[in-house]
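K.L.:
First the structure, which I've put down as structure tokens, then a few questions once you've had a look.
The values are calculated or read from the model by the stated rules, or taken from the named source; none is laboratory data. As the structure is a computational prediction, the values presented were derived from the model and not from experiment. A quick note on method: Cβ atoms are made from the backbone with ideal geometry, for glycine too, and the neighbour counts reach across all protein chains shown.
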Amino acid sequence: MSATLAIARAQVAVTLRERITLFWFLVFPLFLLALMTLIFSNVGEDGGDMTFEITLVNLDRPSPGSADFSAGIVEALRHLGEARAGGEDPLFALHVPGEGVEPHAYLDEELAALRVGTRAAVVVIPQGFSENAARAAFSSRETVSSKLSIHTSGGRTSSDLAASILDQVFATVDREILTRLGLFDASRSVVLARREIGTQGREFRYVDFLLPGVVLMGFLTAGLFSVPGTILFGREQRILRTYWVTPLDVPRYFAGFALGHAALCALQFGCVSLLGRFAFGARVDLLQPVPLLYLVLAAATSLAIGFLIAAVARTGNAGMAIANIINMPMMFLGGLFFPIGELPPALRAAMLVNPVTYLADGLRASTGAEAGVLPPIATVAVPLAWIALCLGVAVFRLRLDEKR
């Protein structure tokens, strides 16, 4: 037992003594949490408002004395373009052609702005809109439709969100027009019931999403760089050979490393959690039984991967090269910093074999920071499979060194 504790103390001392290792292990996670929270602090928070750049071009020119149905749409969008109560930013920044500006030329300019991303959507009220709307409302025989054109930029999130909001606005305007004409039948309307899952009644806040990801990133960094670096240095300096001529065997050597790694992960977890909670107001609670289980599983997984790198690499430089190659893909394809949407098949396959993906999904789901998308049993089983595989290869390889 004393030998195991000595290995653990040595692991902690080496990590905290080396300035470069200490920076990547402790300082960088704190810096990353602070930087990304400050940059994206408005995402999903009550105080963070998103204003969409919307263009409205009204080509409808109803004849004098006839109903002007386009006026309701113009008024609704102008209202949404006004500052809200409490000084909050408006939902839309509305752009319309000025006096004396030819509408079709203005429309061409705004569509060009939409293509380059400076507009979220362009709404066009076509000529004859009011006339067609009146005929559609009062004619029981003719099949007449009044159409609005909403131009969006495919693939841009802001454009998709703006189009979704505009759909709701126009549905509300349509209902209001029918109500005023006495043609709306409330008994035939569709009632929508909205239910939120996975947030435990709280709004999404980016710092609550980011904090578990930064904790997992810190664990992964410690496992990928600190563990193989220490082992490979010991092999190159023939320190491991000295260990193997003592009563210390491979399982106890691994146990000592595990204790040291657990102590370092606990230190890192405490510093990151305190910064997130007291500096940025993070409300996600990681000190619950299930999240703590995922944290232990994450620390064990990163440790096992570090052992695997140490087992397959022949030199310290080779070990660091392998760690650098797999570090970024594991972090970014694991969804540690941003939610992962649709990916190409090759990247999606890499994401689904990545243990970090399952750890991040399980940890966030257990705290309510995000709705889990993977089966709960998979978020435990896949990391356990990685641990078994990595430890099996590492034990076999180190036992060969022990016999030499």
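K.L.:
Looking only at the stretch 73-92, which residues are at pLDDT 75 or above and more than 26 Å from the chain's Cα centre (by Cα)? Lay out the reasoning, then the answer.
P.N.:
Residues of the stretch 73-92 that are at pLDDT 75 or above, as a first pass: 73-82, 90-92.
Correct list: Ile73, Val74, Glu75, Ala76, Leu77, Arg78, His79, Leu80, Gly81, Glu82.
K.L.:
What is the number of the single condition among (1) closer than 16 Å to Phe219 by Cα; (2) without any contact (Cβ under 8 Å) to a residue 60 or more places away in the chain that Ala385 does not meet?
P.N.:
(1)
K.L.:
OK, next. Report the residue count in the stretch 355-381 for those that are touching a residue at least 40 places away in the same chain (Cβ under 8 Å) and of a type in the set (Ser, Thr, Tyr).
P.N.:
Selection size over the stretch 355-381: 3.
K.L.:
Continuing with this model, one more query. Could you tell me which residue of the stretch 92-120 is surrounded by the most Cβ atoms within 10 Å (Cβ to Cβ), considering only residues that are in contact (Cβ under 8 Å) with a residue 12 or more places away in the chain and in a loop (DSSP other than H, G, I, E, B)?
P.N.:
Among those that are in contact (Cβ under 8 Å) with a residue 12 or more places away in the chain and in a loop (DSSP other than H, G, I, E, B), it is Ala120.
K.L.:
Looking only at the stretch 352-374, count how many residues are assigned to a helix (DSSP H, G or I) and over 24 Å from Val207 (Cβ atoms).
P.N.:
2
K.L.:
Still on this structure, please answer the following. Which one of the conditions (1) more than 28 Å from Phe233 (Cβ to Cβ); (2) of a type in the set (Ser, Thr, Tyr); (3) exposed (fewer than 13 other Cβ atoms within 10 Å of the Cβ) does Tyr358 fail to meet, given that it meets all the rest?
P.N.:
Status for Tyr358: all satisfied but (3).
K.L.:
Scan the stretch 251-265 and give yes if some residue there is within 19 Å of Asp361 (Cβ to Cβ) and either in a helix (DSSP H, G or I) or among the aliphatic types (A, V, I, L, M) (or both), otherwise no. Lay out the reasoning, then the answer.
P.N.:
Step one: list which residues in the stretch 251-265 are within 19 Å of Asp361 (Cβ to Cβ), which gives none.
So far as the stretch 251-265 goes, no, none of its residues is within 19 Å of Asp361 (Cβ to Cβ) and either in a helix (DSSP H, G or I) or among the aliphatic types (A, V, I, L, M) (or both).
K.L.:
Further question on the same structure: Does Arg348 satisfy the criteria of being outside any helix (DSSP H, G or I), surrounded by fewer than 22 Cβ atoms within 10 Å (Cβ to Cβ) and basic (Lys, Arg)?
P.N.:
When the stated conditions are applied, Arg348 does not pass them.
K.L.:
Any idea which residue in the stretch 270-327 is surrounded by the fewest Cβ atoms within 10 Å (Cβ to Cβ), counting only those that are of a type in the set (D, E, K, R) and not in a helix (DSSP H, G or I)?
P.N.:
Only one residue tops the list, namely Arg314.
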